[in-house]
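See structure below.
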Amino acid sequence: MATSTKAKAAMHQQYSHRTHRLCALLTLCLVLSACGGGGADEGDAAATAANTTPLPAPRISGVVGSLLHQQTFTVQGSHFGSKPQAAPLRFEDFDTRTTGAAPASFGYTNYGGFGGSTRVDDSVAFGSGKSLKHQGHFGAVSTNDVEESFPHIAVTGFSTQELYLSYRLKFRTHGGRMVQLKFNRSGMEVAGAHGSPCYGGKPKYYSSYYPDGPGVNRYSSDKRLTSVQGGIVRSDGSLDEGWAGEAKMGSGTVLAIPEDTWVQVEEYYRLNDVGQANGEHVTWVNGNRQIDRHTLQPRDAAGQLLNCSYLVVGMDYWINPSSTDGVAVWYDDHYLDTSRARLVLANAATWAASTIRNPQVASQWQDGSISATLQRGGFSSGIAWLYVVRADGSTSASWPVTLP
């Protein structure tokens, strides 16, 4: 049967539409290939919806300005996205604080708690300068007792669906033993929650490091932190938790932390959209993912928002009876923001290989330009690499810079 003129025209139109779509897809592929090899931020970006077109990765094209510590510089490029508030919610390196000062004297919330003391310390720091030291109390020192200290020091006064945080940490036992290092608690304050409105609040994200991992005697003499345990408290009070290395905790791998060694802790929390299981919890130590979860459902109402985040939570520890110094934890370079969009100074030419990732304190953020104050802590003179992480978690390829 002969095909009618109208039918042929319709077929030609349909073929043209398919050809147009194919060309568009090929063009997009070429654009993405030219964007410098960026990728997801080690799994902290949720999976892209099937019916959306991925954006080109962020791309750095140049750097101008001084690369001296605490000096302003500008990164130029494209596809950086938007960040309504360029500066982080909080950045503190403690260097300008009075030695011995309590964190409540310079803006942190002290919920009270008990045990030990937390003060600015000028004897230990990451790189140089000062840090915040939590010294555990001695209590009833014996060969059997495990002590606790809960200083409960946090940042408050904000309200957000997501948080990104980074800080340096190291611990020292002086012959004792770390049993549990309470790592981070971020959530929603609830009045009357056992006298600790953030620690006892819900919904809440939390994580801790243990020296022995799951299923092992916690009083073992092994002083390495060999496993992270964390999870969420849902708005109804139910728990969803697990250990690094377990399938339910995502693709995280266990990383031991030696005593008296600085490490960088990073966490990303996102509350779910109401009615959906798309909340996120990602934890890194020195760039190594410990927790990598993206299908959480901690809240059930839009008014439930993150409004508190701890820097110092506390620890469980065993003290050597002959010790004259006890157990201590130091914190430095605390960065907290309501977006994971950030400019990062790192120590490797690939994101995955970077074990030091210094978030830079931005003062201006546009799609093609970011200005920031250089935070150089831990870097000596020589080559380092800059990365841009967009709010959706996409990461640029590295841009090498020479630090004087």
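The table below gives the values:
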| item | result |
| --- | --- |
| Stretch gain in nm, segment Thr156-Leu68, where the contour uses 0.36 nm per residue and the Cα spacing is subtracted | 28.5 nm |
| Near-label residues of region 241-275 by backbone N, under 15 Å of a point 7 Å along Cα→Cβ of Asn320 | 259-260 |
| Nearest-0.05 FRET efficiency for Ser82 and Asp273, computed from C-beta distance (R0 25 Å) | 0.80 |
| Gln366-Asp145 FRET efficiency (beta carbon distance; Förster radius 56 Å; 0.05 resolution) | 0.50 |
| Ser238 versus Ser61: modelled label distance in nm, points set 7 Å from Cα along the beta carbon direction | 5.1 |
| Solvent-accessible area per residue, Å², over region 211-350 with all protein chains present [probe radius 1.4 Å] | 33 |
| Label-point separation, Thr261 to Val124 (7 Å along Cα→Cβ), nm | 1.5 |
| His174/Thr373 FRET efficiency (R0 45 Å; Cβ-Cβ; nearest 0.05) | 0.80 |
| Sorted peptide list for 105-111, 233-239, criterion being average Cβ within 10 angstrom, highest first | 105-111, 233-239 |
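The values are calculated or read from the model by the stated rules, or taken from the named source; none is laboratory data. Note that the structure is a prediction, hence the values are computed from the model and not measured. Heads up, the Cβs are rebuilt from the backbone with ideal geometry, glycines too, and the neighbour counts pull from every protein chain shown. SASA here: full protein model, heavy atoms, side chains in, ligands and nucleic acids out. Shrake-Rupley method; radii C 1.70, N 1.55, O 1.52, S 1.80 Å.
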